[in-house]
Amino acid sequence: MKLFEIVTEPINTNELIQKVEKREAGAITTFIGTVREFTNGKRTVYLEYQAYVPMAEKMLAQIGEEITSKWENAIVAITHRIGSLDIGEAAVVIAVSSPHRKAAYEANEYAIERIKQIVPIWKKEIWEDGQEWIGDQLEKTSYQNGLPKMEKE
Amino acid sequence: MKLFEIVTEPINTNELIQKVEKREAGAITTFIGTVREFTNGKRTVYLEYQAYVPMAEKMLAQIGEEITSKWENAIVAITHRIGSLDIGEAAVVIAVSSPHRKAAYEANEYAIERIKQIVPIWKKEIWEDGQEWIGDQLEKTSYQNGLPKMEKE
Amino acid sequence: MITVLLFAQLQEQLQKDKLPLEMDRVSVRELKEYLKEEFGLVRVTEAMVAINEAYALEDDEIKSGDIVAIIPPVSGG
Amino acid sequence: MITVLLFAQLQEQLQKDKLPLEMDRVSVRELKEYLKEEFGLVRVTEAMVAINEAYALEDDEIKSGDIVAIIPPVSGG
């Protein structure tokens, strides 16, 4: 069973939930990032995701380690899909279990923020009149002078 | 399709996700509250949930309304199960979709906090050597002089 | 007649989930006092009351035909 | 020899996902400069570099046999 995975097929949310279920857990949170039809008023026809697969899986596992060091007893599973995705399809699913709910929410949100910082995955938006590779990071920070921020404070 | 429901059968998380899916949503969060084996060091054998069903469903719907007034475009579905539940089974599932992820996390957490404040559902813990109806509220606040807090600030 | 619904520990204490009371008009406060004295439901003081599925205040009035639920501290989720 | 992996807009620009470079020792900074000048990859300046699947700093040294990935700003999730 792989807790951190890049896949090309549709993601099964239930499988991720099963990966983190345990008798000690009282709370399981999931996050499903889906392909939205409109971004900044522009209509997306579909998305194309590309990854540096082996490194992306390593970085997902690193996020998992960061989480278990911050939230004791949390268990995390993350699957990111690549390839062509239609509107409404899930690009990423994150499942976190924890004995307490607060940690399950916090750790889950931490995971998606970190994915957007350090995991080598790229998204191309295809519109009716063009297409573009998106660099979310670029809008906020440039990391041309060093490592991406490795820890969120 | 009922967005707010009290049921006696196991809850299907996927069905809740389907209830809130839409093309405008970029984020779906779910919360699954499961029966934990240990609470305060004491081993639970199983739980028994009871509800004042028609009022509980009304209160769940009210939480839904509170959420859509606070987080525009959020869609919420909540199912709470009653009866006997074994360790690991889901007592409650909350699904929230929203165009943006921050709102999906916040609204979901708001829903579980509000459930614990205003929805007439009671839990009995059954241990090997006894049993007790739990009153979560009582540990924190007494509302003998008025309404339960109707809005979280 | 007023119908009083009981849940959780109160239901177990009386071994009943329903109490039909021959009353016409009574405030929430008075009803709680009555349930405490007549049925020994001491924990009713920490409970909320709902009239016809809506939370009520201590001074709200209950009329004949109303369904009144005694809501001990909730513990769902 | 150093193998350079390209992704996203850089891959499309060169119509290649891989560049084998006859180099022995080069710093990350020097490699980025080289890719910019030799291949016109101007956007390499805003990219991170990973050596053998781990993020590297500008002064880190790349050796023959290393797999070097040019990582433009990521946009997963």
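Values in this text are rule-based calculations from the coordinates and carry no lab data. Keep in mind it's a predicted model, so treat the numbers as computed, not measured. Note that we place each Cβ from the backbone using ideal geometry, even for glycine, and neighbour counts take in every protein chain shown.
Please report the relative contact order for segment B:1-83, taking Cα pairs under 8 Å with a sequence separation of at least 6, and give it as a percent rounded to a whole number.
56 percent.
What does the net charge come to around B:A95 if you take all other residues with beta carbon closer than 10 Å to its beta carbon, with K and R at +1 and D and E at -1?
Details: positive: B:K19; negative: B:E15, B:E21.
Counting the neighbours of B:A95, the net charge comes to -1.
For segment A:42-131, which GluC sites (Glu not before Pro) pass both filters: DSSP loop (anything but H, G, I, E, B) and at most 13 other C-beta atoms within 10 Å? Spell out each step's value before the answer.
Details: sites: A:E48, A:E57, A:E65, A:E66, A:E72, A:E89, A:E106, A:E109, A:E113, A:E125, A:E128; in loops: A:E72, A:E89, A:E128.
Here the sparse-neighbourhood loop sites are A:E72, A:E128.
Name the lysines eligible as straight-distance cross-link partners of A:K58: C-alpha to C-alpha under 16 Å, and not fewer than 8 places from it in the same chain.
The reachable lysines, counting only those whose Cα sits under 16 Å from A:K58, are A:K2, A:K116.
So, how do all the Cα-to-Cα distances of chain C break down into 10 Å bins, in percent, from 0 on up?
Distribution as computed: 20, 60, 19, 1 percent.
Only helical DSSP H runs with n ≥ 4 go in: add -39500 (n - 2.57) per run for chain C, normalise by residue count and round the 222 nm mean residue ellipticity to 500 deg cm²/dmol.
Details: 2 runs with 19 residues, N = 77.
Calculated mean residue ellipticity at 222 nm is -7000 deg cm²/dmol.
Kirkwood hydrodynamic radius, computed over distinct alpha-carbon pairs, for chain B: how many Å, to one decimal?
Numbers: mean 1/r = 0.0618 Å⁻¹.
The answer is 16.2 Å.
Spelling out what I want: for every residue of segment A:33-49, take phi, set θ = phi - 60°, compute 6.51 cos²θ - 1.76 cosθ + 1.60 (Karplus), and round to whole Hz; glycine and proline get x.
x, 10, 6, 8, 5, 10, 10, 6, x, 9, 7, 8, 8, 7, 10, 10, 10
When a/c is below 1.5 the answer is rounded, else prolate if a/b is larger than b/c, else oblate, so apply that to the protein assembly as shown with a ≥ b ≥ c taken from the square roots of the Cα gyration tensor eigenvalues.
Prolate, since a/c reaches 1.5 and a/b exceeds b/c.
Could you work out the local net charge near B:K58, counting Lys and Arg as +1, Asp and Glu as -1, over the other residues with Cβ closer than 15 Å to its Cβ? Working shown, then result.
Details: positive: B:K2, B:R114; negative: B:E5, B:E57, B:E65, B:E66, C:E53.
For residues surrounding B:K58, the net value is -3.
Give me a single rounded figure for A:92-104: the average over its residues of other chain Cβ atoms within 10 Å of their Cβ. Mind dumping the intermediate values first?
Numbers: counts 2, 1, 2, 2, 0, 2, 0, 4, 1, 9, 2, 0, 4.
The per-residue average across the peptide is 2.
Could you pull the copy-to-copy label distances for A:E15, with points set 7 Å along Cα to Cβ, in nm to one decimal and sorted shortest first?
Once sorted, the set of distances for A:E15 reads 2.4 nm.
When Cβ neighbours within 10 Å are restricted to other protein chains, what is their mean count per residue of peptide A:17-26? It would help to have the intermediate numbers written out before the result.
On the way: counts 6, 0, 0, 1, 4, 5, 8, 5, 7, 10.
Shielding by partners across A:17-26 averages 5.
Can you give the charge dipole size of the protein assembly as shown about its Cα centre, rounded to the nearest 20 debye, using +1 on the beta carbon of Lys and Arg and -1 on the beta carbon of Asp and Glu? Mind dumping the intermediate values first?
Details: 54 positive and 78 negative charges, 22 e Å.
It works out to roughly 100 debye.
What FRET efficiency comes out for the pair B:S84/C:V42, r = Cβ-Cβ distance, R0 = 30 Å, nearest 0.05? Write out the running numbers ahead of the final one.
Values: r = 28 Å, r/R0 = 0.94.
For R0 = 30 Å, the calculated efficiency reads 0.60.
Please report the relative contact order for chain B, taking Cα pairs under 8 Å with a sequence separation of at least 6, and give it as a percent rounded to a whole number. Before the final figure, lay out the partial values.
Values: 289 pairs, mean separation 49.1, N = 153.
Dividing the mean separation by the residue count of chain B yields 32 percent.
If a paramagnetic tag sat 7 Å from the Cα of A:K2 along the Cα-Cβ line, which residues of segment A:27-59 would have the backbone N under 12 Å from that point?
Counting only backbone N, you get A:53-58.
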